[in-house]
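Some notes on the structure that comes next.
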Amino acid sequence: MPSYRYHAGRMVVTEEDGLWRVKIKTKSKQVLLPLNATETNQAILEAEQLYADARSLDNTKPRCMQCIHWELIKADCNVGCPEGRMTGGSFAKDCAYFWQHPD
């Protein structure tokens, strides 16, 4: 059972019986999520996206740089949100991609 730890142990990717899972710890909770990946590299990339989502939702003042739609090289929102393009990401808290929707 391989196990990979990232972000000072706040994201742990494990494989058991051919199934990949990620354990994500945030300030307010800890979740264990199944992954769709079949290989190590795919599992780590998928887990990184879930970790980025969890961090941004847990943060009361998120920034565009924490969103999976933010392109680091271009410093631009690839969805085209004006909050990302015009302000450099300082108003992500107003961006609909960061809003939590009731389940």
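The values are calculated or read from the model by the stated rules, or taken from the named source; none is laboratory data. The model shown is predicted, which means the values in this text are computed figures rather than measured ones. With ideal geometry, Cβ positions are generated from the backbone for all residues, glycine too; neighbour counts draw on all protein chains shown.
In the set (1) surrounded by 14 or more Cβ atoms within 10 Å (Cβ to Cβ); (2) at pLDDT 70 or above; (3) hydrophobic (A, V, I, L, M, F, W, C), the condition left unmet by Cys81 is number (2).
The strands (runs of 3 or more DSSP E) found entirely in region 1-51 include none that carry 3 or more residues being at pLDDT 90 or above and touching a Cys at 6+ places or on another chain (Cβ under 7 Å).
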